[in-house]
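Below is one structure, written out as structure tokens, with a few remarks after it.
The values are calculated or read from the model by the stated rules, or taken from the named source; none is laboratory data. Please read all numbers here as calculations on a predicted model, not as lab measurements. Cβ: placed from backbone, ideal geometry, glycine included. Neighbour counts: every protein chain shown. The protein model used for the area step is the full one, side chains on, heavy atoms only, and it has no ligands, DNA or RNA in it. Shrake-Rupley method; radii C 1.70, N 1.55, O 1.52, S 1.80 Å.
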Amino acid sequence: MLRAFFRTEAGSTSVLLIATVFALLWANSPWRHTYEAFWHTRMGISFGDASFSLDLRHWVNDGVMTVFFFLIGLEVSYEARLGQLRNRRLIAVPAVAALGGMLVPAGIYLLLNYGGPAAGGWGVPIATDTAFVLGVLAVVGARCPDPLRAFLLTLAIVDDVLAIMIIAIFYTASLSVPALVAAVLLLGAVVTLRWLRIWRAPAYIVLGFALWVATLQSGIHPTLVGIAMGMLVFVYAPSDQKLLLAGEAVHGFTSDPSAERAREAALRVQRAVSVNERLQLRLHPWSSYVIVPLFALANAGVGLDGEILRSALTSPVTLGVALGLLAGKFVGISLGTWLPLRFGWGTLPGNLVWGQLLGGAAVSGIGFTVALFIVDLAFVDPVLHDQAKIGILAGSLLSAVLGWVIFKLAWDRGGVCAPPDEEPAEELPEVLTVPVGPEDHVRGPAGARVTIVEYGDFECPYCGRLHPVLEELMRKNPDVRMVFRHFPLRTLHPRAASAAIVSEAAADQGRFWEMHDLLYDNQRFLTDADLEQYAADLDIAPWSDVPGHVARIALDEDSGRASGVRGTPTLFLNGVRYQGPLDLNSINSAVADLRESP
């Protein structure tokens, strides 16, 4: 799901950029007067004496963009139930970073505009544009690893949710109580349909459109309708039963192809995946390649003649927006990342270093879609409106340049990082660089002839398959001892780090191996709630010393990287890398050879 999202968002950046440039050229061409005239053209529907109409810009901003926010709602719902937002330790850092990336830009803007006529525009520099950010990261290429993209995507989701809340709370001018009551009742009808498990698309489309009209008439911005409807769409992990039924249907079709069996197989496979995921797959291209570029075309056009630019250079609105995006986002996200890491509130995906995080913080200053959206809500004065847009363009461009410079100069500073993909393949060490010591987790006799060191990940399925093999190996070979070192692959396994922390809490009570076995026996169930239950079963406080346990795990990871570990499981037998098959007979044969050697 994440990789498909990255490809779509990054790939659509060129379309969004073309739409932006075209809007600027149109607004500064000899036909500049047609730009505003076109977008103020009214369009609507009527039935008898009743009519409903908006100009084209409002149809785009208030209507078509609801699909964009609906997609955000789908993403939030999916990530909260099945994705990275489910792991509170993994979401803590990007969530605090997103909050810092909103508070500091708003503060910088208010510092320059407080008490003035443009003070209400403080919401303009708070939002990050996901599409442009991922587009820049695609240009950066291998210097931006997948864990950083995952971190920034989580940050962007939290940022979007907070921005929508700000739009709803601070940019609602007036309320119509009857329309608001109608909107609440319609939303209740949608919730009732969901509760009754009625999944007829026409019913949701009719109710959703009526809810959008009622919300628009109430005075609350209809973007809330999009995110609310998206979060209500059902999401679930494929159950074993549905997967089995789908497999049987596909097998039936391949053994006896027919139109009826093809239809049955297609339905079974489709039902195995939640509606949420299917809608994301269908709507992402439309949102990224059509809706957001259309929004840019309708809103990015601003005059850039000499007089307007001179005025913008000294305008507190332009300076507040540009500095908020450039400096505010960088400082806010960097500080918001450092604080939770410093106090042990959460962990990062993958082995990110500060050079990469600072580059990500810089490019997060690219604020476009939601920023332009708030400009339209915050300013009535066309002069302030244009000055804010110039600030968005300037701040976003400078943020992209700053991010590129940081990635170019400091992408690997502040920690250890795997080399870029284009570098020559590294020669991995064959010998364990850090010998087994008293701080290691050891199972077996101290005087064993053979010592097996495993670098493992509690969520890794291959480690899970190796676990019973090693248990059987030790049962058959009493003179073998086992050492376990942590190497959580956070990019692939977001719950592995939390599981490792809980195992270290068990180690403090002398019960590491009990927790080790319990975690491998329950690999599919490693949420924070599951881990807390396992700890309770062993009478352990799971989060008793998170900073200390994170540091302990980091020592294992450092020793693993120094020993050439790049994946899990990796085994060392008597200090030498084992490169054979991971089945019982092969490992047992290697152990026997070591036992017989002098």
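Tabulated results
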quantity	calculated
Failed criterion for residue 429 (all others in (1) in contact with a Ser or Thr (Cβ under 8 Å, 6 or more places away or on another chain); (2) modelled with pLDDT of 90 or more hold)	(2)
In the range 438-466, the residues that are surrounded by fewer than 22 Cβ atoms within 10 Å (Cβ to Cβ), farther than 15 Å from residue 574 by Cβ and either among the small types (Gly, Ala, Ser) or more than 27 Å from the chain's Cα centre (by Cα) (or both)	438, 439, 441, 443, 464, 465
Residue count, the range 28-49 (criterion: in a strand (DSSP E or B) and among the polar types (S, T, N, Q))	1
Among the residues listed as 384, 393, 372, the single one being at pLDDT 85 or above, farther than 19 Å from residue 116 by Cβ and surrounded by 15 or more Cβ atoms within 10 Å (Cβ to Cβ)	393
Sole exception among (1) part of a helix (DSSP H, G or I); (2) touching a residue at least 60 places away in the same chain (Cβ under 8 Å) for residue 237, by number	(1)
Test result for residue 208, closer than 25 Å to residue 295 by Cα, under 28 Å from the mean Cα position of the chain (by Cα) and free of Cβ contacts under 8 Å to residues at least 60 places away in the same chain	yes
From 324, 301, residue being not in a loop (DSSP other than H, G, I, E, B) and not basic (Lys, Arg)	324
Yes/no for residue 49 being surrounded by 14 or more Cβ atoms within 10 Å (Cβ to Cβ) and either of a type outside the set (Ser, Thr, Tyr) or without any contact (Cβ under 8 Å) to a residue 40 or more places away in the chain (or both)	no
Failed criterion for residue 530 (all others in (1) open to solvent by less than 30 Å² (accessible area, probe 1.4 Å); (2) assigned to a helix (DSSP H, G or I) hold)	(1)
Hits in the range 149-195 (condition: assigned to a helix (DSSP H, G or I), closer than 30 Å to residue 364 by Cα and among the polar types (S, T, N, Q))	154
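Quick grid of which residues meet (1) open to solvent by 20 Å² or more (accessible area, probe 1.4 Å); (2) hydroxyl-bearing (Ser, Thr, Tyr); (3) touching a Gly at 6+ places or on another chain (Cβ under 8 Å); (4) without any contact (Cβ under 8 Å) to a residue 60 or more places away in the chain:
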residue: 498; (1), (2), (3), (4): no, yes, no, no
residue: 510; (1), (2), (3), (4): yes, no, no, yes
residue: 526; (1), (2), (3), (4): no, no, no, no
residue: 560; (1), (2), (3), (4): no, no, no, no
residue: 585; (1), (2), (3), (4): yes, no, no, yes
